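Data block below; observations after.
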Amino acid sequence: MRSVFLHSISGMLLGSALLVAATAGAVGDLLLPAHSMKSSSLNVGALELGELCRALEQDARGGSVANPVDRANEIKLAFAEARAALLEERLRR
């Protein structure tokens, strides 16, 4: 499960779905990546990342997202931190 998380979320971020939508101000296009990232993050215990994605998803559902690019970058940073922690955990096994 954690291996899938590392690759699917990374692909989504690196594929830039979230960042492209944020940059374009396409609030509706933030929903799917934010929702998917929220669910995956919470499933592996990346709670901070999951909460950031939950908040972004909720705002996008409401039709207004303040500072979308900043928030996408914050999610990108939180993903990098969660990924590093999961990789470190994997190495300790």
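Which one, (i) 15.2; (ii) 13.9; (iii) 13.0, gives Kirkwood radius over Cα pairs in Å as derived from the coordinates shown?
From the options (i) 15.2; (ii) 13.9; (iii) 13.0, the structure gives (iii).
How would you rank 58-69, 24-35, highest first, on the average number of other Cβ atoms within 10 Å across their residues?
Descending packing order for the listed peptides: 24-35, 58-69.
Report the charge-dipole magnitude of the chain in Debye, nearest 20, computed about the Cα centre from +1 at each Lys and Arg Cβ and -1 at each Asp and Glu Cβ.
Charge dipole of the chain: 360 debye, to the nearest 20.
Expressed as a whole percentage, what fraction of the accessible surface of the chain belongs to carbon and sulfur atoms when a 1.4 Å probe is rolled over the protein heavy atoms?
Whole-percent figure for carbon plus sulfur exposure: 56.
The values are calculated or read from the model by the stated rules, or taken from the named source; none is laboratory data. Computed from a predicted structure; not experimentally measured. Neighbour counts run over all protein chains shown; Cβ positions are idealised from the backbone, glycine included. Protein only, heavy atoms only, side chains kept; ligands, DNA and RNA dropped before computing areas. Shrake-Rupley method; radii C 1.70, N 1.55, O 1.52, S 1.80 Å.
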